[in-house]
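Input: a single structure, listed below in structure tokens.
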Amino acid sequence: MTVLRDGEYIGTKDVKDTTRAEIIGMMVGRELDDIYPKYNKVQDEVVFKAEHITNSKVHDISFEVKRGEIFGLGGLVGAGRSETLRAIFGVDRKTHGKVWVNGEELSIRRPSDSIAARIAYVSEDRKREGLVLKRPIRFNASLVMIDRLTRSLFVNRAAERDSVNEQIESLRIKLRSMEDPMTSLSGGNQQKVVLAKWLMQEKIDVLIMDEPTRGIDVGAKYEIYKLMSDLANQGLAIILVTSDLPELLSLADRVLVLRDGRATGLVEKEDMTQENIMHLSV
């Protein structure tokens, strides 16, 4: 196996004589102590609760997420995981169901209602739903908070640039200029801009992440895993959907498995194995 990075030859290894961690270290240019860094402490307080979420694609989905918890939705592609998240956030209409954040029942009819309730949503299709690819990086990063930067119909560009630059440094987004279009960034850096868009909010209590590492390199994946762990430690309730089963098993504290738009079982951490998840998925 030969490893290249940034157009340069890094080295060649016999597969039988190397490890996954060593290969990843060569690919990203630094040693990674743990591919799935996770050290969040789940608290007893329930931050988010959904009851009987129902529409034409999902039926009677209920679960709750505690402060500091990474809660996973498992199942095969088409099981209704993304559809559940879309119904909760208000992207798709739900015909029945209730949502609570910090004990307060919410009336969510559209995404703006969720944003006002301090719920953030990273959709599975960043190019179609998370970003405006032809617009500048600065524009995309400040989309959600643009109203707070606007006075008398004019955007305070200095404040906008300062806020965006803070996130660029915090998330280590690699770019030439924040005025470049989103298309100038790699997939991993595009996803970081999607995250920056939400983290620029004054406060969020719930972070919904649908396939957050799809189509990005292993180095960016590691950084997103670490960010999720850090945010959970800060008290966020995180809802995770991923088709990468090892990723789900390593990051989630509990997993609700779906099949054909219905919940088939809740798996606790101590029972979380590929066999148990797949048994409920099929």
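Every read-out reported here was derived from the displayed coordinates using simple, explicitly stated rules and does not represent laboratory data. From a predicted model like this one, the values you see are computed outputs, not experimental measurements. Here the Cβ positions follow ideal geometry from the backbone for every residue, glycine too, while neighbour counts run over all protein chains shown.
Before moving on, here are some points about what is shown:
- Expressed as a whole percent, the proportion of Cα-Cα pairs in the stretch 144-282 lying more than 28 Å apart is 31%.
- Restricted to Cα atoms, the stretch 76-125 shows a radius of gyration and a Dmax of 11.1, 32 angstrom.
- Counting only lysines at least 8 places from K57 when in the same chain, those with an alpha carbon closer than 16 Å to its own are K94.
- With both labels modelled 7 Å from their Cα along Cα-to-Cβ, the N233 to D180 distance reads 3.1 nm.
- Sequence of D44, D210, D244 once ranked by neighbouring C-beta atoms within 10 Å, starting from the fewest: D44, D244, D210
- Couplings for the stretch 66-77, taken from phi via the Karplus curve 6.51 cos²θ - 1.76 cosθ + 1.60 with θ = phi - 60°, read 8, 5, x, 9, 9, 9, x, 10, x, x, 6, 4 Hz in order; Gly and Pro are left as x.
- Positive-pole candidate from N165, G130, L143, dipole of the stretch 125-202, charges at beta carbon: G130
- Efficiency of FRET from Cβ geometry, E105 and L266, R₀ 35 Å, rounded to 0.05: 0.95
- Couplings for the stretch 160-173, taken from phi via the Karplus curve 6.51 cos²θ - 1.76 cosθ + 1.60 with θ = phi - 60°, read 5, 4, 4, 5, 5, 4, 4, 6, 4, 6, 5, 8, 6, 7 Hz in order; Gly and Pro are left as x.
- Counting only residues at least eight positions apart within a chain, or on another chain, the aspartates and glutamates with an alpha carbon under 18 Å from that of K134 are D125, E179, D180.
- Every Cα-Cα pair in the stretch 125-202 was counted, and those over 18 Å apart are 31% of them.
- The radius of gyration of the Cα set in the chain, together with its Dmax, comes out at 19.5, 65 angstrom.
- Amide proton proximity set for Y121, modelled H, under 5 Å, gap of 5+: I208
- Net charge over other residues, Cβ less than 12 angstrom from the Cβ of M1 (K, R count +1; D, E count -1): 0
- Here's the list of aspartates and glutamates a cross-link from K13 could span, going by alpha-carbon distance under 13 Å and ignoring same-chain residues fewer than 8 apart: E22.
- Lys, Arg +1 and Asp, Glu -1 on Cβ, resulting dipole of the chain about Cα centre, debye, nearest 20: 1040
- If you run the Gaussian network model on the chain, springs between alpha carbon atoms under 10 Å, then out of N189, N233, N156 the most flexible one is N156.
- Fluctuation leader among V132, V144, V15 - the chain, Gaussian network, Cα springs under 10 angstrom: V15
- Normalised per residue, the volume of the convex hull around the Cα set of the stretch 13-84 (Å³): 148
- The local environment of K49, defined by Cβ-Cβ distances under 13 Å, has a net charge of -4 under the rule Lys, Arg +1 and Asp, Glu -1.
- Karplus-based coupling profile of the stretch 145-155, in residue order and whole Hz: 9, 4, 5, 6, 9, 9, 10, 6, 6, 10, 7, with θ = phi - 60° in 6.51 cos²θ - 1.76 cosθ + 1.60 and x standing for Gly or Pro.
- Cut-off 13 Å between beta-carbons: net charge of the residues surrounding K127, Lys and Arg +1, Asp and Glu -1: +1
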